[in-house]
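*Asks:* Got a structure here, written out as structure tokens. Questions coming.
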Amino acid sequence: GANRLAPLCARAGDHEGAVGALQVVLRISPSNITAWEALGASYNALGRHSAALKAFERAMELSDDAGEGCRSYAAAQSGHIHLTLGSSVEAAECYDKAMSDGIDRVAVLFGSASAHAYYAKGALRWGAPGRAATSVRLAKHAILRVIELMSDDATATVWKLAGDIHHLA
């Protein structure tokens, strides 16, 4: 019941209902990685960022324990939340983890470029040019890969970030 109810609630925009159903699922099956990811997504949709980060972290821990490797979705969503909250170091770490499977995903690469560019700006303000240079290099690599993957479909947002990174460099 609750296993089927959670995705129905989430698709209908009833994220509170999804959270309730997922909590039931996790009481019965506390090692259900997919349920932890879904719980994180529902908490995130509700703006409950701390709870979302904890749920995504649990999904990643369980995945590591099971030898399944990185849960890219959980890592990327955690990166997005950290970036939204202004934590560029944590965001970059999460995006790097999301990219550890070797699959190039535009959203993850864009998030990584954003996180590294944000960190580089801060590093320049703190007087840490070496750290800024490293982050700019990582941001540049990520945004160039985004442009390569999107080719003619690259959006104004992508080009703006590319320009910001170029300016930082």
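The values are calculated or read from the model by the stated rules, or taken from the named source; none is laboratory data. Note that the structure is predicted; figures quoted are calculated from it, not measured. Here the Cβ positions follow ideal geometry from the backbone for every residue, glycine too, while neighbour counts run over all protein chains shown. The accessibility values were calculated without ligands, DNA or RNA, using every heavy atom of the protein model including side chains. Shrake-Rupley method; radii C 1.70, N 1.55, O 1.52, S 1.80 Å.
*Asks:* Please work out if D152 is at pLDDT below 95 and within 27 Å of E61 (Cβ to Cβ). It would help to see each step written out before you state the result.
*Replies:* Values: at pLDDT below 95: yes; within 27 Å of E61 (Cβ to Cβ): no.
Answer is no for this residue.
*Asks:* Sort through R125, R137 and tell me the only one that's of a type outside the set (A, V, I, L, M) and within 21 Å of the chain's Cα centre (by Cα).
*Replies:* Details: R125 fails: within 21 Å of the chain's Cα centre (by Cα).
One residue alone meets the criteria, R137.
*Asks:* Another question about this same structure. Would segment 64-74 turn up any residue that is small (G, A, S) and without any contact (Cβ under 8 Å) to a residue 12 or more places away in the chain? Walk me through how you get there before you give the answer.
*Replies:* Taking segment 64-74 and keeping what is small (G, A, S), we get 66-67, 69, 72, 74.
Still in the list and also without any contact (Cβ under 8 Å) to a residue 12 or more places away in the chain: 67.
Checking segment 64-74: at least one residue is small (G, A, S) and without any contact (Cβ under 8 Å) to a residue 12 or more places away in the chain.
*Asks:* Scanning for something on the phi < 0 side of the Ramachandran plot, at pLDDT below 95, surrounded by 20 or more Cβ atoms within 10 Å (Cβ to Cβ) and touching a Lys or Arg at 6+ places or on another chain (Cβ under 6 Å), does segment 112-128 turn up at least one residue?
*Replies:* Checked against the condition, which is being on the phi < 0 side of the Ramachandran plot, at pLDDT below 95, surrounded by 20 or more Cβ atoms within 10 Å (Cβ to Cβ) and touching a Lys or Arg at 6+ places or on another chain (Cβ under 6 Å), segment 112-128 yields at least one hit.
*Asks:* Consider segment 1-59. How many of its residues are of a type outside the set (K, R), surrounded by fewer than 18 Cβ atoms within 10 Å (Cβ to Cβ) and closer than 18 Å to G79 by Cβ?
*Replies:* Residues meeting the conditions: 6.
*Asks:* Any chance you could count how many residues in segment 96-115 are free of Cβ contacts under 8 Å to residues at least 40 places away in the same chain and assigned to a helix (DSSP H, G or I)? Give the derivation first.
*Replies:* We begin by selecting, within segment 96-115, every residue free of Cβ contacts under 8 Å to residues at least 40 places away in the same chain; these are 96-103, 105, 107-108, 111-112, 115.
Right, trim to assigned to a helix (DSSP H, G or I) and you get 96-101, 107-108, 111-112, 115.
Within segment 96-115, residues that are free of Cβ contacts under 8 Å to residues at least 40 places away in the same chain and assigned to a helix (DSSP H, G or I) number 11.
*Asks:* Follow-up. Any chance you could count how many residues in segment 60-104 are more than 22 Å from A123 (Cα to Cα), surrounded by fewer than 16 Cβ atoms within 10 Å (Cβ to Cβ) and not acidic (D, E)?
*Replies:* Going through segment 60-104 one residue at a time, the tally reaches 6.
*Asks:* Any chance you could count how many residues in segment 124-155 are among the β-branched types (V, I, T) and outside any helix (DSSP H, G or I)?
*Replies:* Let us first name the residues in segment 124-155 that are among the β-branched types (V, I, T), namely 134, 136, 143, 146-147, 155.
Now restrict to residues that are outside any helix (DSSP H, G or I): 155.
So the answer is 1.
*Asks:* Among the numbered criteria (1) part of a helix (DSSP H, G or I); (2) surrounded by fewer than 16 Cβ atoms within 10 Å (Cβ to Cβ), which one does V158 miss?
*Replies:* Status for V158: all satisfied but (2).
*Asks:* For segment 5-25, give me each residue that is closer than 13 Å to W36 by Cβ and out of contact with any helix residue (DSSP H, G or I) (no Cβ under 8 Å at 6 or more places or on another chain).
*Replies:* none
*Asks:* Only residues in segment 135-154 that are touching a residue at least 24 places away in the same chain (Cβ under 8 Å) and farther than 21 Å from A91 by Cα count as the first member; pair them with residues that are in a helix (DSSP H, G or I) and open to solvent by 20 Å² or more (accessible area, probe 1.4 Å), Cβ under 7 angstrom, at least 6 apart or cross-chain, and list the lot.
*Replies:* Final answer for the pair search is L149/V106; M150/V106.
Results for (1) closer than 30 Å to A21 by Cα; (2) among the acidic types (D, E), shown as yes or no for each residue.
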residue: S42; (1), (2): yes, no
residue: R48; (1), (2): yes, no
residue: L53; (1), (2): yes, no
residue: S87; (1), (2): no, no
residue: E90; (1), (2): yes, yes
residue: G102; (1), (2): no, no
residue: R131; (1), (2): no, no
residue: V136; (1), (2): no, no
residue: D152; (1), (2): no, yes
